[in-house]
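Worksheet for the structure shown next.
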Amino acid sequence: NISSFYNKKCTMVSFENGKFILRKRDERLHIRSRRSERLRRILAIALAVSFCYFINRRSVIQPETTTDDLLLLRTARHADVKSHYGSSGVGGISFHSSSRDSNEDSDDQVRNAVGPQSQSQSHDEKKKSPDQVKEVERSSNKCNISLNKNYLKYLSSLEPIPQKVHIFFPDKNYWNKEPSKSFPFVEHSILSLKKLNPDWNVTVYDDAMIDDVIRNAAHLNLISREERDILVGKKDGGGGGSGGNDVVVHKGAHVVERSDIARLLLMYTEGGLYLDSDRLVSKSMEDVIPRPSATRMCLPTFNDVNFCQDLICSSRGNDLFLDMIKEASKIRVAAKRRNGWIKAGGLYDLGPVLYNRHILIRVFGEDEKTFDKCGNDDFSLARDMIVTDSDEVIITAKETRCNDALLTDQASLPKCYGREDLYDAYGMKSWAVEVNAIWENK
């Protein structure tokens, strides 16, 4: 009867001091053991499902990706490498010397996520010449996009692009003082720009100068006084603070937000070339704009994912930028803020999302719905149309890395130079981290 006793009341039989001992089962431990076993099975199943999902890289309930979502994805992926003035102004190029290689796979994922893009070609397609392939792409363009001829005519009526360069940086003299002027990055960016283009006037704007641009815009009624105060902050003017200083009524916006609107204001009121401080330069503007009498705007793309916002050139008075300024004003005034700052997503909306949407609608489409249908490959079609149909009124280039861009090429700049030393010297960190920290501290 030992077997029956063992099955019902024992968990084990042990041999101790020359005797077989039957130990009684502890029912509580037995129940816990069974529960633990069930949990282990559930966890194993969950891990198996998660592994399958990771392999397939696609959820069965994945929501449809919109055009703006992709612009956010493109920009958000670089938010941690664009710093004090990189902002939503990032066109997409990461200027660390090895960053493009490490990001190629994720760029491809972004590209494949937007709309249908054929991953294979038929045997007949492979035989076609590049011109024939382009013609097929354009004839099958589901967006039905084309250059807005009326806008091209309007651009042609504007004056040529003035020989001005606008750059934002915390120290307006960083290029002319130690240790920063000795950094290889500075040598191959702003110093190279000045050397190659002695006839161009290069201005570096620090924070105070950016705020002056904004205040001047309010004086010209391009933005309201309310928006001016939101951007640069407001003081009571009574001198009632410590040391006779004015009391701060509310703090200003993050420098990223101020930089984004300031570049649009400068393009509209002055024109010229806006350039992020972390752009390398190895080509003269004569090579970039070979027909200055014809060209009125430049629209390079980042790897045909979107139009770069960290490099803009335009004639003065281009009302495309005025349209951007007006829409930005509506978004800005209605945005929720904490210590004067909006959330990172709001900065994306006011930066590259707004910039690209207005270009797509004004330069190519008739309404925004047209571009809801567009896949990411249509930026290459848009760029091709600029090249072939604008008669150089607009110039463009497909930028893939820091020495393969509108202002650089690998022949004149065989290698890239990182900006880390310069940013470390000025304590510049990721703006996204700063903004998120404010909103996470409730």
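Structural remarks
- Residue pairs, from the table 195/398; 153/283; 194/283; 195/429, whose Cα atoms sit over 18 Å apart: 195/398; 153/283; 195/429
- The Cα center of the range 381-440 and the Cα center of the range 187-229 differ in position by 19 Å.
- The modelled label-to-label distance for the pair residue 178/residue 392, using points 7 Å beyond Cα in the direction of Cβ, is 4.5 nm.
- For residue 165, distant residues with modelled amide H under 5 Å away: 201, 202, 203, 273
- Residue 286-residue 441 FRET efficiency (beta carbon distance; Förster radius 41 Å; 0.05 resolution): 0.20
- Counted residue by residue at 0.36 nm each, then reduced by the alpha carbon distance between them, the extension gain from residue 415 to residue 334 reaches 24.7 nm.
- What the phi angles of the range 349-363 give under the Karplus curve with 6.51, -1.76 and 1.60, with θ = phi - 60°, is a coupling list of 4, 7, x, x, 5, 4, 4, 5, 4, 5, 5, 4, 6, 7, 7 Hz, glycine and proline written as x.
Throughout, read-outs are computed from the coordinates displayed, never taken from laboratory work. Only a predicted model underlies this, so the values are computations on that prediction, with no experimental measurement involved. FYI the Cβ positions are ideal-geometry reconstructions off the backbone, even for glycines, and counts take in every protein chain you see.
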